[in-house]
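The values are calculated or read from the model by the stated rules, or taken from the named source; none is laboratory data. Since the model is a prediction, treat every value here as computed from it, not as a measurement. So basically every Cβ, Gly included, is an ideal-geometry build from the backbone, and we count neighbours across all protein chains shown.
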């Protein structure tokens, strides 16, 4: 399973500002829109939601067959505290991983130095300067039909 984490600060929470063991490098991977939308359109929620899913066994079958899965985790602020809204995490497996590696990747950039720079500013209490360095992240305009099956 490979995970796409579109939020910089959520990724910083996950990797501890690129300081956690075996997570010392952070890459920004740009993928094309068609690939991302294919993954969303073929995804299943990573957890069972009564009312959204007909039943537990049906959801389990859907999850096993889906080449992508979605989970929603709390977005983070500059101090990596949870915010009251969630960010999408997109898990890829099987066909989706192959497509991701072979077709969707547009560019890859090492953002580890940026992670360390922002972390240093946060550590000094200079949140304003740290915020200016954050990558621009706009809400993704996914089709409502796609989102309806992915809301938990």
Revision key, fill the gap. Given (1) within 16 Å of the chain's Cα centre (by Cα); (2) in a loop (DSSP other than H, G, I, E, B); (3) at pLDDT below 95, residue 48 misses just (1)
Study note, to complete from the structure: Going through (1) touching a residue at least 24 places away in the same chain (Cβ under 8 Å); (2) touching a strand residue (DSSP E or B) at 6+ places or on another chain (Cβ under 9 Å); (3) closer than 19 Å to residue 15 by Cβ one by one, residue 83 fails only at (1)
Exercise for review: With respect to residue 141, determine if the residue is loosely packed, with under 13 Cβ neighbours inside 10 Å and either over 28 Å from residue 24 (Cα atoms) or touching a strand residue (DSSP E or B) at 6+ places or on another chain (Cβ under 8 Å) (or both).
Suggested key: yes
Point to revise | helices (runs of 4 or more DSSP H) contained entirely in the range 69-152, each with at least 1 residues that are within 14 Å of residue 6 (Cβ to Cβ) and at pLDDT 95 or above | key: none
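Going by the structure shown, is residue 85 in contact with a helix residue (DSSP H, G or I) (Cβ under 9 Å, 6 or more places away or on another chain) and within 22 Å of residue 143 (Cβ to Cβ)? Talk me through it step by step, then tell me what you get.
On the way: in contact with a helix residue (DSSP H, G or I) (Cβ under 9 Å, 6 or more places away or on another chain): no; within 22 Å of residue 143 (Cβ to Cβ): yes.
When the stated conditions are applied, residue 85 does not pass them.
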